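Working notes, structure below.
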Amino acid sequence: MPHVPDTTFTLENVLNDLREAGTEPNRAGMARFGIETDRAFGVPLSVLRPLARSIGPSLDLARELWASGFHEARLLAILLTPPRHLAPELALQWLNDINSWDLCDQLMNVLARRAGSNELVPALAADEREFVRRAAFALIAWRAVHAKTAPESEFLDDFPLIRAAATDERNFVWKAVHWALRQIGKRSLPLHGAALALAEDLAASENRTARKVGNAAARELSSEKVLNRLNKAADI
């Protein structure tokens, strides 16, 4: 039988649970990692994930939690939304409200599991807003992990976007750009060679930020651990 969400989990009592679970040390830790804490309780994902499992998928509650504006309520909203229910329109609506990298990355983690979500990447990458542009590359990175049947051409098509955004010096953008490049390179041996070549090209750039992106990606893609895993997978 399909899971029926527990109707005792109302917006009010979930928010009360989040308030009780939050701590000031956790809020301080969030702030140190560049997460906005003005409307945060200080609840870690290690608490939110089991709570989401207890509640079960519920798009209606997710919408209410998101509208509350509280940071952990929005993280929980993402966890309560199955990929099949995260329509592009809803994902973009929520993305417009986001001002923290963790919300951005968690939202893209779910969206990446939805077929065809890669079609959103070019428009997101062209957007000048920091967390919207970050979303483009977080989505690429997560699709490299989750989109098992996606053709390699999808990720090769992302290379011009990665090259163009590699000069964006904003912290939350360039880190997502090299994350995307690294994840593509770890997906398969053929993509590894192409990604490493791009990383090395960026590492030789005259642009300081592009060099950071290239060096970070090349360092991981050249590691023995990555090469051994890819070679082992290719032999299976």
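General observations
- In the set (1) modelled with pLDDT of 95 or more; (2) among the charged types (D, E, K, R); (3) outside any helix (DSSP H, G or I), Asp105 fails one condition alone, (3).
- Whichever residue in region 130-154 is open to solvent by 30 Å² or more (accessible area, probe 1.4 Å) and more than 16 Å from the chain's Cα centre (by Cα) and, among such residues, is farthest from Lys212 (Cα to Cα): Thr149
- Wholly enclosed helices (runs of 4 or more DSSP H) of region 155-236 bearing at least 2 residues buried (at least 21 other Cβ atoms within 10 Å of the Cβ) and without any contact (Cβ under 8 Å) to a residue 60 or more places away in the chain: 159-165, 171-185, 189-203, 208-221
- Hits in region 18-76 - residues which are open to solvent by 40 Å² or more (accessible area, probe 1.4 Å), of a type in the set (S, T, N, Q), in contact (Cβ under 8 Å) with a residue 12 or more places away in the chain and in a helix (DSSP H, G or I): Asn26, Ser54
The values are calculated or read from the model by the stated rules, or taken from the named source; none is laboratory data. Note that the structure is a prediction, hence the values are computed from the model and not measured. Note: ideal-geometry Cβ built from the backbone for every residue, glycine included; neighbour counts use all protein chains shown. Keep in mind that these areas ignore ligands, DNA and RNA; they rest on the heavy atoms of the full protein, side chains included. Shrake-Rupley method; radii C 1.70, N 1.55, O 1.52, S 1.80 Å.
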